[in-house]
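**Q** Below are the structure tokens for one structure; questions will follow.
Laboratory data are not the source of any read-out in this text; all were calculated from the coordinates shown. Source: prediction; values computed, not measured. Reconstructed Cβ throughout: ideal geometry from the backbone, glycine too, with neighbour counts over all protein chains shown.
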Amino acid sequence: MKTVRIFLFLALSTILVTNPGCKTIERALYNVIRANVNSKLFTTQIISGTVVAGRLSIAGSTSTGSQAMTIVVPATIKPGTYKLTSMGSYLLEYKASNHDVYAASSGELIITSHDTNLKKIKGTFNFKGLNIKSASVDVTNGSFTVSYY
């Protein structure tokens with residue numbers, strides 16, 4: 001079950017990052033995900049957010065797509081603090097390369113604002129991510145501000 005869930009999560013992430021769809025100037029200026037990954041700054045240049053089957057999926061990558069960050073939460077998420085686990089309703093992951101993906105196994109997601117009418121969400125996060133080989137990364141000082149469709 002965990003393998004299927006990871007596969008579906010990665011498939012959706014890849015679609016969102018490689019097919020960002022139409023963006024307005026406002027969306028391009030508003031959308032950003034930043035974090036320190038093992039103390040090194042990661043910032044997205046390409047980002048997309050969409051609601052599918054009641055889930056809000058946000059995916060951001062570097063301009064080359066070599067690294068990415070993905071956040072998946074319920075589309076109706078309210079401002080508050082949410083604990084991250086490997087099997088929870090709130091999924092965060094960091095992709096270091098196509099074959100090296102780290103899913104949050106513990107940490108915290110804080111939604112500071114979410115306007116479902118204007119389709120804008122803002123928050124912060126920190127997590128410890130594990131890959132399939134049990135190697136880990138520490139993602140700290142994460143933040144995102146995203147306009148989605």
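**Q** Could you list the trypsin sites (Lys or Arg not before Pro) in the stretch 89-149 that lie in coil according to DSSP, counting only those with at most 12 other Cβ atoms within 10 Å of their Cβ?
**A** Qualifying residues, ordered by number: Lys133.
**Q** Could you rank the peptides 32-44, 78-90 by their average count of other C-beta atoms within 10 Å per residue, with the highest value first?
**A** Going by the mean number of other Cβ atoms within 10 Å, highest first, we get 32-44, 78-90.
**Q** Tell me, what is the percent relative contact order of the stretch 55-113, built from C-alpha pairs under 8 Å that lie six or more residues apart?
**A** This gives 32 percent for the stretch 55-113.
**Q** Continuing with the same structure: Just to be sure I understand the model, the point goes 7 Å from the Cα along the line to the Cβ. What's the resulting Ser105 to Ser39 distance in nm?
**A** If labels sit at Ser105 and Ser39, their model points lie 2.1 nm apart.
**Q** If each of Thr140 and Asn117 carries a label point 7 Å out from its Cα toward its Cβ, how far apart are those two points in nm?
**A** In this crude label model, Thr140 to Asn117 measures out at 4.0 nm.
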